[in-house]
1. Pick from 286, 263, 306: which is under 16 Å from the mean Cα position of the chain (by Cα) and surrounded by fewer than 21 Cβ atoms within 10 Å (Cβ to Cβ)?
2. From the residues in the stretch 2-43 that are without any contact (Cβ under 8 Å) to a residue 40 or more places away in the chain, within 23 Å of the chain's Cα centre (by Cα) and not in a helix (DSSP H, G or I), which one is surrounded by the fewest Cβ atoms within 10 Å (Cβ to Cβ)?
3. Which members of the stretch 24-78 meet the condition of being more than 29 Å from residue 181 (Cβ to Cβ) and hydroxyl-bearing (Ser, Thr, Tyr)?
4. Before we move on, is residue 29 at positive phi and assigned by TED's automatic domain parsing to the domain that holds residue 295?
5. Among the candidates 76, 82, 64, which residue alone is charged (D, E, K, R) and closer than 22 Å to residue 160 by Cα?
6. Tell me whether the stretch 219-234 contains one or more residues that are closer than 19 Å to residue 307 by Cα, assigned by TED's automatic domain parsing to the domain that holds residue 266 and aromatic (Phe, Trp, Tyr).
7. Looking only at the stretch 187-196, decide whether some residue is modelled with pLDDT of 95 or more, in a helix (DSSP H, G or I) and over 30 Å from residue 139 (Cβ atoms).
Amino acid sequence: MAKTYRVGVIGMVHDHVWKEAKYWQACPNTALAAAADPNEPLRDRMKTQYGVQALYADWREMIEKEELDIIQLTVENNAGAEVLEGVAPKGLHVVSEKPMAARLEQADRMLKAAEDAGTLLVINWPIAWSPAIRTAARLVKEGAIGQPFQVRTRMAHCGPKELGCSEYFYGWLYDAEKNGAGALMDYCCYGAAFCRHLLGMPKAVQGVMGCLVKEDFPVDDNAAITMIYDNAFGITEASWTQVPSYHDTVILGSEGTLITDEGKLWMATKEKKEKTLVDLDDLPEGERNGPEYMLHCLETGTEPEGMCAAKNCRDSQEILEAGLLSAQEGRRIELPINK
């Protein structure tokens, strides 16, 4: 008989939790068994919407009382390290929402906790399950556009509150300690992770951030980080003030260009200068969302790879940390930070 994995949710203040709970319920041999959050209305929603009966205000009580296998971690960015240090020694595997943490020190603690316990840690990047992004990355690695020399990712919308995020979510996104910054941490993180996956670690980083539009705003509403490689630039841009929303990537190579566009992928090359639509790769079962991927790794005995691998995400956090320090101090930051 196949094993049934019991999943416990820790934190519901990250609005991504509701989609992830849906994915967990769609996974075979998986039970959404328990959930914990100090906010009673969120616990009530988990019960009403997903039928979870074992609900707790404190995650520590939940992991003591419930028999669990996997944790869905959807807390504030700065809270993940404490949770990992509590659940990993109990043998619990964790899927955590992006970015890995608020600061590099916290990401290092998360990685160490999972490694010491021998448990799996998957960081869930929504773009990791984008057929356009996945196909673009494959084409780059196959040499379809030659040597990549610039990767530009822009993630932008009108702002979390304006977009309709819950008060529980934007309440901590607008808190620099809990989030790590503002738009820089929330949205520059995507391009940092993608460049780490595609180009490796940069040798230096330069960042800018500011409150350019929103008056009396507690954090940055716009930011950009440039990653400097020997023969390439990675650029990740973030905006909480752009209308309409934009979430796409341009990859420039010595022999051509790849452009994502609202789920589509276009390519132009020296031989075929007119851009053409690219057929997208089908995502295999087990690699279509974070819950599926965690179960795939557990069932096959494989370590998480690519954008979602904890070590790569720790490196992405270092890029973000360097970008934040650069923006605050007005100087280029060499990597690694602690060399």
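The values are calculated or read from the model by the stated rules, or taken from the named source; none is laboratory data. Bear in mind the structure is a predicted one, so any value in this text is a computation, not a measurement. Heads up, the Cβs are rebuilt from the backbone with ideal geometry, glycines too, and the neighbour counts pull from every protein chain shown.
1. Among 286, 263, 306, only 306 is under 16 Å from the mean Cα position of the chain (by Cα) and surrounded by fewer than 21 Cβ atoms within 10 Å (Cβ to Cβ).
2. Of everything passing the filter in the stretch 2-43, 32 is surrounded by the fewest Cβ atoms within 10 Å (Cβ to Cβ).
3. Matches in the stretch 24-78: 30, 48, 50, 56.
4. Numbers: at positive phi: yes; assigned by TED's automatic domain parsing to the domain that holds residue 295: yes.
Considered against the rule, which asks whether it is at positive phi and assigned by TED's automatic domain parsing to the domain that holds residue 295, residue 29 comes out as yes.
5. 76
6. Scanning the stretch 219-234, I find at least one residue that is closer than 19 Å to residue 307 by Cα, assigned by TED's automatic domain parsing to the domain that holds residue 266 and aromatic (Phe, Trp, Tyr), so the answer is yes.
7. Quick first cut of the stretch 187-196, residues modelled with pLDDT of 95 or more only: 187-196.
Now drop any that are not in a helix (DSSP H, G or I), which leaves 187-196.
Pick out the ones that are also over 30 Å from residue 139 (Cβ atoms) and you get none.
Scanning the stretch 187-196 turns up no residue that is modelled with pLDDT of 95 or more, in a helix (DSSP H, G or I) and over 30 Å from residue 139 (Cβ atoms).
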